[in-house]
Amino acid sequence: MIILAISMVSAIGGLVFNTMPLLLGTAGDAYSLSPAQLGTLSLTAGIGYLAGTLTGPIWVERVNWRVAALAIVGAVIASFLLATQLSGTTIYAGFAVFGFFCALAIALAMRVLADMPDPERAYGTRLSVELISIGVFLIILPVLFISKGGFSGAMLGLALFALLLGLGAFAFPKKTSSKIAAKFKGFPNWSQARPSWSVLFIFTIYLLANVGLFFFLYVIAQDFDPSPAQNSLMFGVLKWLGGAAGAVGAVIGARAGIRLPHLVAFLILLFGVIGLFTASSFNAYMISSWVWEFGFTLGCLYQTAAIVRFDVSNKLVALVPMAFGVSMIFGGKIAGQLLEGGSANGIYIMVLLCSLLPAAYMFLVRPKPPTALAE
């Protein structure tokens, strides 16, 4: 029950990321923004998101977790409602503000989950709850909110959904249950958690490329002239399959070892990107995006779990949202610039190259966790 409650608040933190393709599309329509300008818009959201995650280490161990969760939920809702009143260049500031508060939600949730005994199961459950619930929301958002209110409608829908998910804050624990983590001051140094730091860096590169693709899936898909219902189906099922990937990871846990899952995730992602590159119809593009999402999310799960497994302090996982913030800043901007030439091929190549890194590291370097783990 606690993991489910934490996952609900984590989903609030994931709203800014998981709805970004639709937010960029509706903002582009509302303010007549070019792909490069939309990349800048995602950059400002990423800056706010990154700023929020960087504050995490300062306060997350010092506060009552339940009170903090409730305060963050309220701030997120207020920031979404504020965005409905913005126009022109002020929309960039609006994206930065709600990016900041969403980051606080996920930073807190990630740290709380690090105390759970099985990280693959904990973070797999988190992904499953987050993405399945957001998948349902993405079915509703274009049809009920965007079609009637455009960008302002999207913001209103986000505020209402955050209110619903925020109920999970009432079940948060008040403080850490790990005696080791409680005694550990600050982050571990390089020698204490070298593999964990390395995976965190590689994960950031991995996210940078894949987030860039995700942010522009909606924009690229418009070349096939899909209907609003088709857009809803594409992004709703996209998140459901991401949730399914989280559920698969939660069920398998560490039973497949700590290396093989990274390779499997890459191969699934590879097939999806090849499908996107060769798609000649919207249905082909849509199905390929689903395959890519499954591989991408599975990779996110196992890389996050690896960061926890290689870190006895349970602290470095709080920087995982920072990796998302960096990817939002640079991934969206780079993808927007690559798409300015009229072709998405550059984005696909970037995704494949960066996504190979996690599996390569796990098999070539073969890092060892601080405690024995049978493979």
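Brief remarks on what is shown
- Single condition Phe98 does not satisfy, out of (1) within 18 Å of Ser7 (Cα to Cα); (2) buried (at least 24 other Cβ atoms within 10 Å of the Cβ): (1)
- Test for Phe324: is it within 22 Å of Met20 (Cβ to Cβ), surrounded by fewer than 24 Cβ atoms within 10 Å (Cβ to Cβ) and within 16 Å of the chain's Cα centre (by Cα): no
- Residue within segment 280-290 that is at pLDDT 85 or above, crowded, with 24+ Cβ neighbours inside 10 Å and under 16 Å from Leu241 (Cα atoms) present: yes
- Screening Ile180 against (1) part of a helix (DSSP H, G or I); (2) open to solvent by 10 Å² or more (accessible area, probe 1.4 Å); (3) within 19 Å of Met322 (Cβ to Cβ); (4) at pLDDT below 90 leaves a single unmet condition, (3).
- Listing of helices (runs of 4 or more DSSP H) fully contained in segment 303-375 that carry 3 or more residues being at pLDDT below 85: 320-339
- Index of the failed condition, Ala105 passing every other in (1) part of a helix (DSSP H, G or I); (2) surrounded by fewer than 24 Cβ atoms within 10 Å (Cβ to Cβ): (2)
- The set of residues in segment 203-237 being in contact with a Pro (Cβ under 9 Å, 6 or more places away or on another chain), aliphatic (A, V, I, L, M) and open to solvent by less than 10 Å² (accessible area, probe 1.4 Å) consists of Leu217, Ala221, Met234.
- For segment 264-272, the criterion of being part of a loop (DSSP other than H, G, I, E, B) and either farther than 16 Å from Ala221 by Cα or in contact with a Leu (Cβ under 9 Å, 6 or more places away or on another chain) (or both) is met by none of the residues.
The values are calculated or read from the model by the stated rules, or taken from the named source; none is laboratory data. This is a predicted model, so every value here is computed, not measured. Counting neighbours? That spans all protein chains shown, and the Cβs are built from the backbone with ideal geometry, glycine included. The protein model used for the area step is the full one, side chains on, heavy atoms only, and it has no ligands, DNA or RNA in it. Shrake-Rupley method; radii C 1.70, N 1.55, O 1.52, S 1.80 Å.
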